[in-house]
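Please read the structure below before turning to the comments.
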Amino acid sequence: MKANQAVKAHYWGSSFSRSRCIPAKRHLPFLVFAFVFLSACAGWSLDPQAYTDSLTETQASFHFSTTAPTPRVPLDQQPVNLTTINFDAGNTSLYRLINGTESVLVSTFTRYSAFWQTAQAGQPLTLNDGSHDLFSWVLAGSDLKDYFATNYAATLTTGNVDLRISQTLGMPDRTSEARVLAFFWAPVTLVLRPAYSADITTQISYSGLGTYGDTSYQANAPPARTDGFQWQDYNYTYYTGSSGFDDFMMNNEAKTRMPWTAMGYTYNWNYLEDGQNGRADDPFRVGSYVGTTEFVVSAGATVVFDHFVENTNLYSYLIPEPNIVILLLFGAGVVCFVILRRARLKVIRANSETRGPGRG
């Protein structure tokens with residue numbers, strides 16, 4: 001397989017934030033059991049049946065899928081909080097003007113291949129160097145970190161972080177590949193949604209999408225001035241020009257073997273780990289299959305590399321020492337408690353001395 005190519009797999013587990021306390025001795029056996037149980041669950045080795053079922057569910061919505069039922073069964077999750085990309089020079093953490101080009105910071109979950117080993121911070125990087133031909137599926141800015149803060153802050157570990165990322169991004173478990181997050185600045189004009197509406201500037205109006213007679217969605221007309229965008233389907237076929245977007249949508253639906261939603265978001269198959277129909281039972285599974293907002297960068301685009309989050313640093317990046325803040329707050333609470341307790345004891349002693357012996 002070519003590194004980080006059209007296959008969606010190219011881009012794309014627990015610490016507890018808690019105050020410190022000293023338990024009563026009678027509680028220790030229970031706490032030890034709970035700790036062992038929760039630790040084991042947090043590092044859960046999940047059965048791939050959920051992944052297979054996520055593929056079945058997404059393909060059931062595709063018009064061109066050869067395995068979809070009739071009528072099709074559209075995905076019912078239609079979020080209104082998809083990330084949008086609108087250049088804002090004041091938001092320098094997400095946007096920059098680079099050599100006069102409006103650019104957005106994106107990241108891709110990728111193998112640390114020979115291609116990426118050549119990347120240098122601040123230097124241009126062409127996603128087609130003759131040996132590697134990349135069509136990167138990406139996330140914007142801190143979207144992945146924000147998603148994990150909301151969904152996995154209490155159950156992520158260094159042992160399951162690769163799995164959780166893989167699930168969130170709708171790909172098979174990539175733990176054995178020791179992938180990295182590669183951050184780079186992409187020209188805004190070379191970023192689109194791999195979805196029924198490719199427009200990155202607005203929320204997708206699902207009710208505004210056309211449908212076929214089998215109830216599956218049709219692709220909206222692509223945004224103006226995107227004829228030069230190079231799409232690449234799961235089978236490594238390129239599409240460009242005025243019909244490129246429609247051709248990509250049609251052929252990717254027919255050929256992909258990934259749980260691609262085409263709804264603007266990734267399918268987090270951890271949602272299906274419910275213990276039903278042969279699937280593993282993950283007590284910490286997410287409550288919705290809506291993962292992160294996904295984008296694609298035009299195949300072969302020239303971007304500016306920013307930095308990597310190495311595989312060994314994925315956990316600390318996604319859960320950036322929340323315990324430090326908690327410990328500081330806890331410490332402040334302890335100090336206040338001690339001060340107040342000492343003040344109370346002084347009052348009690350003073351009252352006792354005032355009453356004198358025998359006074360009640």
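Exactly one of these conditions fails for residue 259: (1) under 22 Å from the mean Cα position of the chain (by Cα); (2) assigned to a helix (DSSP H, G or I). Give me its number.
All conditions are met except number (2).
Each row is one residue, and each column tells you yes or no for (1) assigned by TED's automatic domain parsing to the domain that holds residue 196; (2) under 19 Å from residue 120 (Cα atoms); (3) surrounded by fewer than 23 Cβ atoms within 10 Å (Cβ to Cβ); (4) in contact with a His (Cβ under 8 Å, 6 or more places away or on another chain).
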residue	(1), (2), (3), (4)
277	yes, no, yes, no
288	yes, no, yes, no
294	yes, no, no, no
301	yes, yes, yes, no
308	yes, yes, yes, no
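Just wondering, is there one or more residues in region 246-267 that are assigned by TED's automatic domain parsing to the domain that holds residue 163, touching a Leu at 6+ places or on another chain (Cβ under 8 Å) and over 26 Å from residue 66 (Cα atoms)?
Within region 246-267 (the criterion being assigned by TED's automatic domain parsing to the domain that holds residue 163, touching a Leu at 6+ places or on another chain (Cβ under 8 Å) and over 26 Å from residue 66 (Cα atoms)), the answer is no, since none of the residues qualifies.
Is it the case that some residue within region 309-318 is of a type outside the set (Val, Ile, Thr), outside any helix (DSSP H, G or I) and modelled with pLDDT of 95 or more? Lay out the reasoning, then the answer.
Step one: of region 309-318, the residues of a type outside the set (Val, Ile, Thr) are 310-311, 313-318.
Adding the requirement that they be outside any helix (DSSP H, G or I) leaves 310.
From the residues that got through so far, the ones that are modelled with pLDDT of 95 or more too are 310.
Looking through region 309-318, at least one residue is of a type outside the set (Val, Ile, Thr), outside any helix (DSSP H, G or I) and modelled with pLDDT of 95 or more.
Would you confirm, using the coordinates I've provided, whether residue 323 is surrounded by 14 or more Cβ atoms within 10 Å (Cβ to Cβ), within 24 Å of the chain's Cα centre (by Cα) and at pLDDT below 95? I'd like the intermediate steps shown before the answer.
On the way: surrounded by 14 or more Cβ atoms within 10 Å (Cβ to Cβ): yes; within 24 Å of the chain's Cα centre (by Cα): yes; at pLDDT below 95: yes.
So residue 323 passes the test.
Could you tell me whether residue 72 is touching an Asp or Glu at 6+ places or on another chain (Cβ under 9 Å), in the same structural domain as residue 271 (by TED's automatic domain parsing) and over 29 Å from residue 289 (Cβ atoms)? Lay out the reasoning, then the answer.
On the way: touching an Asp or Glu at 6+ places or on another chain (Cβ under 9 Å): yes; in the same structural domain as residue 271 (by TED's automatic domain parsing): yes; over 29 Å from residue 289 (Cβ atoms): no.
Spelling it out, it is not the case that residue 72 is touching an Asp or Glu at 6+ places or on another chain (Cβ under 9 Å), in the same structural domain as residue 271 (by TED's automatic domain parsing) and over 29 Å from residue 289 (Cβ atoms).
Considering only residues of region 230-256 that are in contact with a helix residue (DSSP H, G or I) (Cβ under 7 Å, 6 or more places away or on another chain) and of a type outside the set (Val, Ile, Thr), which is surrounded by the most Cβ atoms within 10 Å (Cβ to Cβ)?
Filtering first and then ranking leaves 231.
Just to be sure before I move on: is residue 300 of a type in the set (Gly, Ala, Ser), modelled with pLDDT of 95 or more and more than 22 Å from the chain's Cα centre (by Cα) in the structure I sent? Break it down into steps so the answer makes sense when it comes.
Numbers: of a type in the set (Gly, Ala, Ser): yes; modelled with pLDDT of 95 or more: no; more than 22 Å from the chain's Cα centre (by Cα): yes.
Against the criterion (of a type in the set (Gly, Ala, Ser), modelled with pLDDT of 95 or more and more than 22 Å from the chain's Cα centre (by Cα)), residue 300 does not qualify.
Can you name every residue in region 262-295 that is assigned to a strand (DSSP E or B) and out of contact with any helix residue (DSSP H, G or I) (no Cβ under 9 Å at 6 or more places or on another chain)?
Just the residues of region 262-295 that are assigned to a strand (DSSP E or B), to begin with: 265-267, 274, 281, 290-293, 295.
Selection gives 265, 281, 295.
Does any residue of region 66-77 turn out to be surrounded by fewer than 17 Cβ atoms within 10 Å (Cβ to Cβ) and in a strand (DSSP E or B)?
no
The values are calculated or read from the model by the stated rules, or taken from the named source; none is laboratory data. It should be emphasised that the depicted structure is a prediction, and the values quoted were computed from it without experimental measurement. Here the Cβ is made from the backbone with ideal geometry for all residues, glycine too, and neighbour counts use every protein chain on show.
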